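In what follows, a structure is listed as structure tokens, so that the remarks can point back to it.
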Amino acid sequence: MRILGVDPGSRLTGYGVIDVHGPRAVYVDSGCIRTPAGALGERLCAIHRGLAEILRVHAPAAAAIEQVFLHRNAVSALKLGHARGVALLALAEAGLAVAEYMPSVVKLAVVGTGRADKEQVQHMVTALLKLPRAPQADAADALAVAICHGTQLFAQARLAGAGQGR
């Protein structure tokens, strides 16, 4: 199953695409949608266009996105909420059900602790996907979201299979 993970941001939106085969995840693509300087509306359009193109090229069967966490700066939190809303719109337009994970849940699934820093997430994503070098932080976060979702789907399938064996 192909999974798209998204780490939304108003200036950089990370994306990561993996193929999941049982408990194993295989790297497909990742990167960042960089938005132009200027009005928020233009940046949101760039996020939408970028995600629409990624969806067209990779045709994922599932998607996951990081949930908003509280910021100390209300203006930053609001801009992040706008970027996240545009990302959710693009995913919904593609007909995808979207799983949402708190950053601490993603870190726990990938690193083993919900308090991991960005470098630890990059390191584990690089190791789990057997990448030659660490992806950019926002792309690594998006790949971590995709890995987290793949792990959840695998666990749910195993539980469903175990329940049918009774």
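Quick look at the numbers
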read-out	value
TYR101 vs. criteria of a type in the set (Ser, Thr, Tyr), within 28 Å of ALA160 (Cα to Cα) and crowded, with 18+ Cβ neighbours inside 10 Å	yes
Subset of the stretch 55-79 (residues that are surrounded by 13 or more Cβ atoms within 10 Å (Cβ to Cβ) and either in contact with a helix residue (DSSP H, G or I) (Cβ under 9 Å, 6 or more places away or on another chain) or basic (Lys, Arg) (or both))	LEU55, PRO60, ALA62, ALA63, ALA64, ILE65, GLU66, GLN67, VAL68, HIS71, LYS79
Candidates ILE54, ILE33, filtered to the one that is in a strand (DSSP E or B), without any contact (Cβ under 8 Å) to a residue 60 or more places away in the chain and touching a Phe, Trp or Tyr at 6+ places or on another chain (Cβ under 8 Å)	ILE33
Given (1) under 16 Å from the mean Cα position of the chain (by Cα); (2) in contact (Cβ under 8 Å) with a residue 12 or more places away in the chain, number of the condition LEU131 does not satisfy	(1)
Residues that are modelled with pLDDT of 95 or more and in a helix (DSSP H, G or I), drawn from the stretch 110-133	VAL110, GLU119, GLN120, VAL121, GLN122, HIS123, MET124, VAL125, THR126, ALA127, LEU128
Residue that is nearest to ALA46 (Cα to Cα), among those in the stretch 92-103 that are part of a helix (DSSP H, G or I) and touching a residue at least 12 places away in the same chain (Cβ under 8 Å)	GLU93
Number of positions in the stretch 57-86 that are in a loop (DSSP other than H, G, I, E, B) and touching a Ser or Thr at 6+ places or on another chain (Cβ under 9 Å)	1
Conditions (1) surrounded by 17 or more Cβ atoms within 10 Å (Cβ to Cβ); (2) part of a helix (DSSP H, G or I): number failed by LEU89	(1)
Residue match in the stretch 37-45 (condition: modelled with pLDDT of 95 or more, surrounded by fewer than 18 Cβ atoms within 10 Å (Cβ to Cβ) and of a type in the set (A, V, I, L, M, F, W, C))	yes
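The values are calculated or read from the model by the stated rules, or taken from the named source; none is laboratory data. Please read all numbers here as calculations on a predicted model, not as lab measurements. Every residue, glycine as well, gets a Cβ built from its backbone with ideal geometry; the counts of neighbours run over all protein chains shown.
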